[in-house]
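The values are calculated or read from the model by the stated rules, or taken from the named source; none is laboratory data. Keep in mind that this is a model prediction, so the values were computed, not measured. Using ideal geometry, Cβ is built from the backbone for each residue, glycine included, and neighbour counts are taken over all protein chains shown. SASA here: full protein model, heavy atoms, side chains in, ligands and nucleic acids out. Shrake-Rupley method; radii C 1.70, N 1.55, O 1.52, S 1.80 Å.
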Amino acid sequence: MLPLLIESTESYAGKSLMCLGLGLKFQRDGFKIAYLKPLGKSPIKVGKIITDEDAVFIQGALHLDEPLEQLCPVVVTQDLIIDAYDGKVRGLDKKVVDAYQKISRGKDIILIGGGGSLHEGTFLGLSSLRIARDFQAKVILLDNAEHEVNVDCILRAKEGLRNNLIGIILNRVPPHRIDFIRQRVIPFFQKREIDVLGIIPLDPLLNSISVRELQQILNGQFLFGEEYDTDLIEKFFVGSMNADKAIEYFKKSKNKAVIVGGDRPDIILAALETPTACVVLTGGLYPNDILLAKAEEMKIPMILVKDDTYSTVQKVDKILGRLRVKEEKKVKLGAKLIEREINFTLLYKKAGLKKKRKR
Amino acid sequence: MLKNFFEPKSVVVLGASATPGKVGYDVLKNLIKSNYRGEIFPVNPKASEIQGLRAYPSILDINEDIDLLIYIIPPQFILKTLDDCKKKNIDSIIAISAGFKETGSAGAKIEREMLIKAKEMNIRILGPNCLGLIDTSSCLNATFAPGMPSEGNIAFFSQSGALCIAILDWALGEGIGFSKFISLGNKSDLGEIDFLKYLADDESTKVILGYLEGIEDGRAFMRVAREVSKKKPVIITKSGGTSAGAKAASSHTGSLAGSEKSIKAAFHQAGIIRADTVNDLFNYALAFACQPIPKGSRIAILSNSGGPGIMAADAIEQYKLNLASFSRETQEQLRSSLPTIASIYNPVDIIGDADADRYHKSLELIINDPNVDGVLVILTPTAVIDVQGAAEKVANLSSENGKPVLASFMGKVSVEKGIKVLQRKKVPNYNYPESAIKVFRIMSDYQNWLNAPDASYQTFKVRQKKVGTIFAKARKNNLLKLGEQEAREIISCYGFKVPKSILALTSREAILAAEQIGYPLVMKIVSPDILHKTDVGGVKVDIENAHQVEDAFFEITSKSRQYLTSATILGVSIQEMVAGGKEVILGVSKDPQFGPLIMFGLGGIYVEVLKDVSFRIAPLSVKDADEMIREIHSFPLLKGVRGEQPTDLAALKEYLLRLSQLVTDFPDIVELDINPLIVKAEGEGAFAADARITLEEG
Ligand SMILES: Nc1ncnc2c1ncn2[C@@H]1O[C@H](COP(=O)(O)OP(=O)(O)O)[C@@H](O)[C@H]1O
Ligand SMILES: [Mg+2]
């Protein structure tokens, strides 16, 4: 039985998708999988119980039979935080151990969903570092390398975990940086006995957001096109230029959303006449009927928001890259990328795993 | 105090020229040609005589006293000129020359220095970069414009020189006279406020017109305009609305309250008549200049054809005037003097075969009817009518009983001579009846303004010191956006009732608090990072038991954290629920020119979608507050429709006034929203269920 902790150097590095992708692959290779989220940081209520959104997602995707209470023994709620400050919280570690013992029975691999750093959870006595030690887990460290590789964090992790760190995975790597990483970064880590198990490129589709998610984040109102809410948006444009320029930009990219003041019919039209996934009208300004009819004709959803353009862009900016992958399409793609880009031979070797034949 | 600008006894033309085509040539020529009675001293070092007058090498070579200097030489000589003026005791300068602020930073620097120096020396300057000014009563034409208008009782000031020239030309064609004609140029020193003050007491001026692009000190402008407009009508066209400051306003109410709203509110509160177009400006001006102001809003229409009369009647309804209904006596007399197929009721149709006499007889009867406040005479050029004759008769009867008569002689070629007669005899003619009716509306508004008693203000006993302390503390902590918790406290110091509320940190505390507040109740997220609580799922209403409190607590805290992972969550406030009542919004955003602009509207879609809101500049008079409430289209909903109880309008009005007092006491409030204020039924008061305040930076 192998406890395998999936940890990351910062939040929103893509841990859930990684757990899912690894889990699916392990299952295909004949392993029996369990999943444990010791510290749930995204509280959600399912029926009567408070649990964690990640746990629910993975439970479904990997078809796990164990109850949610066991998949996620501790959920960080407002009450728990305040109680912890007041020194009223004890025995969380025991809860986690109990859960672990229950779910691990008869399993080959226990995937453990870690936190945004090895120290996360120390406050509640449940840091990843401690969990890794207590369960003698092997650790895979995931890094969001979209802007740069978090070398410091990775080296620190190596110091703390030693040989239990079986390797790192660099996620969201922009295509133009892949060569640099192959030539400079991988050798650098190899010299320090850190294996790079895979490089997952930044994929526009994976990085996309659905029209529905956008509408929810912006607290907007569908003026048209609610039925197209699963369409995916890969890019955002702000319609503040003149109409001629707008058409020029807009026609060059599809799967885009255009954020524009409701009082700019020229830009709205430019958006509707080029391949656009969604038009966001800001300032609570209704477009005229001609534009609405046009949107219907082009089947482009239109969302009306109260905020001005600036605040809308800020909101979108904050949320991009922090979304949970939920859509079927994205999940499949993510799993495929993981299977393709990760060196499982190396991973299995470092983890001491032997491929079983699928029964 | 600006007397030397308009009635100087002697004028120096600095930069006079003998070369046609130069500004210095035209100005001097205009001065000479306008029969100016004072002395003219051309200054030009290169000539001894210009246009028949002795020329001087410099100002200092002139031995006589000088009242006014016209500056037409390049900008770089202005400082030296000021020194010379000081020596010669000249205190008034018209700076026509361009090349100052409008050309960039070098010019702006000279203009700044000029202004500082002129202030020190007590010298006043019109312009620079202007056309100059004209005073028809003192026969002074100190401009380079072609043509001089005839004498009249309209004064006009304009920030655009080009518009001045166009209007002068047009006025010449239409035979419209002016008392004063002033081109403001860059408004470096003298501006609209100075001329408003001067023209208010100018006996030759009956109506003041202005064209403005920007207003610098909005509050001073309002203060002066409010007084002047009680003396004579002030009609202004204002263009170029947006200002950088108004754009900076951030919240949704901020975007509603752009500076166009401020101008509309300011003009209304100061009794200024706003003309949306230059065309309207002169339509209104002519009526005020030539005709008495109607005492009421009952308008009679006299026409020789049905269609235009009906159009005019429609316009009367549209502009919310009243179609006068004649006394029985007038009706009888009209009946006996008109053919049987004529319509003797308002609009009176004296039918197509009407001649000048029939116009005369009917108008005489109508204008003397005590139920009529003003008459519109419409004429369509039939084959039988003697248009000139009709014009004479109409004009002779106009202003009888002190009532205004406006005309709409429709057409072009066949009515032209008649219109000339009307013009000469001071009956304004409008191409279309609707324009004339609009003018009646404007005149009748002005009469109401004149009738209105002086604005009365109400102040309340409030805890101003306490609010000062809260603001000071917030400032010290660099907290400029105050959320519901702080804002509640502040507005309650100014007498607003707020629902009881207790902050709970955990769900257990929430349940305890709920027992104290009582069910049903409202729960809201408390976080300095969340200003729109509903947007993040941070508000739950109608919570009825402990179980729901627990659920809501979980949902509110986890949703808020999910939307804004970095949000500091201070807890959840457990709040008394205000049941029943209508939700309204009170808002304030500070306008850079006019100060705090107060907004009022009915909550929800009425404000956000329909933009059904009213605006006034603080401080609000009692009348302002009243008007704000009644002005919105959804007012009937507040008053109660279909047997519904009326809401507490008295409380609402009081809260508007208290809000006005708060933002007047604390001018560093840049934004304030009370959204919603829940107004209960008459006599039951109102509660501020949510509020936020933003303080100015720095
Ligand atoms: N104390 C209260 N009593 C009754 N209704 C309330 C109360 N507080 C809030 N509400 C309702 O909830 C809505 C949103 O609450 P509010 O405090 O204004 O949050 P937001 O930050 O979203 O503006 C209000 O418009 C009102 O309808
Ligand atoms: Mg509110």
Could you grab the pairs with beta carbons closer than 7 Å, sequence gap of 6+ or different chains, first residue in segment B:466-494 and without any contact (Cβ under 8 Å) to a residue 60 or more places away in the chain, second one away from ligand 1 (no atom under 16 Å from the Cβ) and open to solvent by 70 Å² or more (accessible area, probe 1.4 Å)?
B:Cys493/B:Arg463; B:Cys493/B:Lys466
Could we say that B:Asp202 is farther than 20 Å from B:Gly161 by Cα and not in a helix (DSSP H, G or I) here?
yes
Taking first residues from segment A:267-294 that are in contact (Cβ under 8 Å) with a residue 24 or more places away in the chain and under 22 Å from A:Ser210 (Cβ atoms) and second residues anywhere that are open to solvent by less than 10 Å² (accessible area, probe 1.4 Å) and among the basic types (Lys, Arg), the pairs with Cβ under 8 Å that are 6 or more apart or on different chains are A:Pro275/A:Lys256; A:Thr276/A:Lys256; A:Ala277/A:Lys256
Of all residues in segment B:432-491, count the ones that are among the aliphatic types (A, V, I, L, M) and within 30 Å of B:Leu406 (Cα to Cα).
7
So A:Lys306 fits all but one of (1) surrounded by fewer than 16 Cβ atoms within 10 Å (Cβ to Cβ); (2) within 14 Å of another protein chain (Cβ to nearest Cβ); (3) touching a residue at least 24 places away in the same chain (Cβ under 8 Å); what number is the exception?
(1)
For segment A:257-269, name all the residues that are open to solvent by less than 20 Å² (accessible area, probe 1.4 Å), away from chain B (no Cβ under 14 Å) and at pLDDT below 90.
A:Ile267
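Identify all residues within segment B:151-164 that are over 18 Å from B:Thr277 (Cβ atoms) and open to solvent by 10 Å² or more (accessible area, probe 1.4 Å); write none if there are none.
First, the residues of segment B:151-164 that are over 18 Å from B:Thr277 (Cβ atoms): B:151-153, B:155, B:161.
Residues satisfying the conditions are B:Glu151, B:Gly152, B:Asn153, B:Gly161.
Every residue in segment A:62-78 that is open to solvent by 30 Å² or more (accessible area, probe 1.4 Å) and either within 14 Å of another protein chain (Cβ to nearest Cβ) or assigned to a helix (DSSP H, G or I) (or both), please. It would help to see each step written out before you state the result.
If we filter segment A:62-78 for residues that are open to solvent by 30 Å² or more (accessible area, probe 1.4 Å), which is where we start, we get A:63, A:65, A:67, A:69-70.
Within segment A:62-78, A:Glu69, A:Gln70 qualify.
How many residues are open to solvent by 70 Å² or more (accessible area, probe 1.4 Å) and not polar (S, T, N, Q) when one looks only at segment B:88-108?
Applying the first criterion (open to solvent by 70 Å² or more (accessible area, probe 1.4 Å)) to segment B:88-108 yields B:89, B:101-103, B:105-106.
After this cut, where a residue has to be not polar (S, T, N, Q) as well, the list is B:101-102, B:106.
Here the count works out to 3.
Which residues, counting only those in segment B:672-698, are within 16 Å of ligand 1 (Cβ to nearest atom), under 26 Å from B:Arg219 (Cβ atoms) and open to solvent by less than 20 Å² (accessible area, probe 1.4 Å)?
Looking only at segment B:672-698, we keep the residues that are within 16 Å of ligand 1 (Cβ to nearest atom), and these are B:672-681, B:684-694.
Checking which are under 26 Å from B:Arg219 (Cβ atoms) leaves us with B:672-674, B:691-694.
Those that are within 16 Å of ligand 1 (Cβ to nearest atom), under 26 Å from B:Arg219 (Cβ atoms) and open to solvent by less than 20 Å² (accessible area, probe 1.4 Å): B:Leu672, B:Asp673, B:Ile674, B:Ala691, B:Ile693.
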With the condition being more than 11 Å from chain A (Cβ to nearest Cβ) and closer than 29 Å to A:Ile49 by Cα, I'd like the helices (runs of 4 or more DSSP H) fully within segment B:476-569 carrying at least 2 qualifying residues.
B:507-517, B:546-563
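Conditions tested, residue by residue: (1) over 30 Å from B:Leu521 (Cα atoms); (2) within 16 Å of ligand 1 (Cβ to nearest atom); (3) crowded, with 20+ Cβ neighbours inside 10 Å.
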| position | (1), (2), (3) |
| --- | --- |
| B:Phe460 | yes, no, no |
| B:Arg475 | yes, no, no |
| B:Leu479 | no, no, no |
| B:Gly495 | no, no, no |
| B:Ser501 | no, yes, yes |
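Evaluate segment A:280-287: report whether one residue or more is assigned by TED's automatic domain parsing to the domain that holds A:Val260 and open to solvent by 70 Å² or more (accessible area, probe 1.4 Å).
Within segment A:280-287, one or more residues are assigned by TED's automatic domain parsing to the domain that holds A:Val260 and open to solvent by 70 Å² or more (accessible area, probe 1.4 Å).
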Tally, over segment B:164-189, of residues that are under 25 Å from B:Leu69 (Cβ atoms) and in contact with a strand residue (DSSP E or B) (Cβ under 8 Å, 6 or more places away or on another chain):
12
Are there any pairs with C-beta distances below 6 angstrom linking a residue in segment A:94-107 that is open to solvent by less than 100 Å² (accessible area, probe 1.4 Å) to a residue that is of a type in the set (D, E, K, R), with the two at least 6 apart or on different chains, and if so which?
A:Ile103/A:Glu66; A:Lys107/A:Lys32
From the list B:Phe635, B:Phe615, pick out the single residue that is more than 16 Å from ligand 1 (Cβ to nearest atom), over 30 Å from B:Glu216 (Cβ atoms) and among the aromatic types (Phe, Trp, Tyr).
B:Phe635
Would a scan of segment B:519-536 turn up a residue that is aliphatic (A, V, I, L, M), away from ligand 2 (no atom under 16 Å from the Cβ) and at pLDDT 95 or above?
yes
Going through A:Asn171, A:Asn163 one at a time, which residue ends up being modelled with pLDDT of 90 or more and open to solvent by 50 Å² or more (accessible area, probe 1.4 Å)?
A:Asn163
